[in-house]
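Single-structure report; data block below.
The values are calculated or read from the model by the stated rules, or taken from the named source; none is laboratory data. Computed from a predicted model, the values in this text were never measured in an experiment. When we count neighbours, we look across all protein chains shown, and the Cβ atoms used for this are built from the backbone with ideal geometry, even at glycine.
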Amino acid sequence: MVKYAQGGVINVQNKNKALYSLVFTALLSALVFASNYISFPIGQSRIHVANAVCLLAGMLLGPVNGGIAAGLGSALFDLSFPAYAAEWWITFINKAAMAMICGSIIHRTEKPQKRLIYISAFAGSITYIFLYLFKSFIQLRFITPVPANTIGPTLLTMLGASLVNAIFAILVAPLVYMALEPALKAANILYSKPPEK
């Protein structure tokens, strides 16, 4: 639909899509924030469902908006807890990277096959695990040093929790994406890869 304005032609459909994209990014960011509360501690880590929502953000919103939603929602959660607050910016980078990798892979084609959807979820989850364990190693070794012989077991505990989170995210996020994709595409608010120039 096209309307005429003083400055020329306005594409209302594109304008609405931009507004929907902004609202949808804010909604996914809020869902990422809220999903962090569905968790329970295990060792020095915790099992939660937030990673699945971060992957879903990348799938639905694309790499940029998905990364913003995942990073912002996770960072806000960290800022709401004094124990995590100092690391909000690291969390933003790590969770944004997870969603961006996932979103970049799934949107390589206009109509991703089921295999590519699961590959994107796997790649995003592996990216996050690597970044999380690397950050934890740096922290345990240099920032808040612990005895060297405890670093390995601590990282293994963190890896165990991260793998559980990853398996849950890899199984759930693609299923939710495939359930929502037809309706969002029909409403013209699903992210689509920009045409190549």
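The table for this structure:
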item: Residue within region 17-37 that is assigned to a helix (DSSP H, G or I), over 11 Å from the mean Cα position of the chain (by Cα) and at pLDDT below 80 present; result: yes
item: Top-ranked residue of region 108-127 - restricted to ones that are of a type in the set (K, R) and touching a helix residue (DSSP H, G or I) at 6+ places or on another chain (Cβ under 9 Å), ranked as surrounded by the most Cβ atoms within 10 Å (Cβ to Cβ); result: R108
item: Region 147-158 residues that are within 17 Å of R46 (Cβ to Cβ), paired with ones that are basic (K, R) (beta carbon under 9 Å, 6 or more apart); result: none
item: Single residue of I143, I105, I138 found to be surrounded by 15 or more Cβ atoms within 10 Å (Cβ to Cβ) and either among the hydrophobic types (A, V, I, L, M, F, W, C) or over 24 Å from V176 (Cβ atoms) (or both); result: I105
item: Residue list for region 70-84, restricted to those being over 17 Å from the mean Cα position of the chain (by Cα) and either modelled with pLDDT of 95 or more or closer than 18 Å to S125 by Cα (or both); result: L79, S80
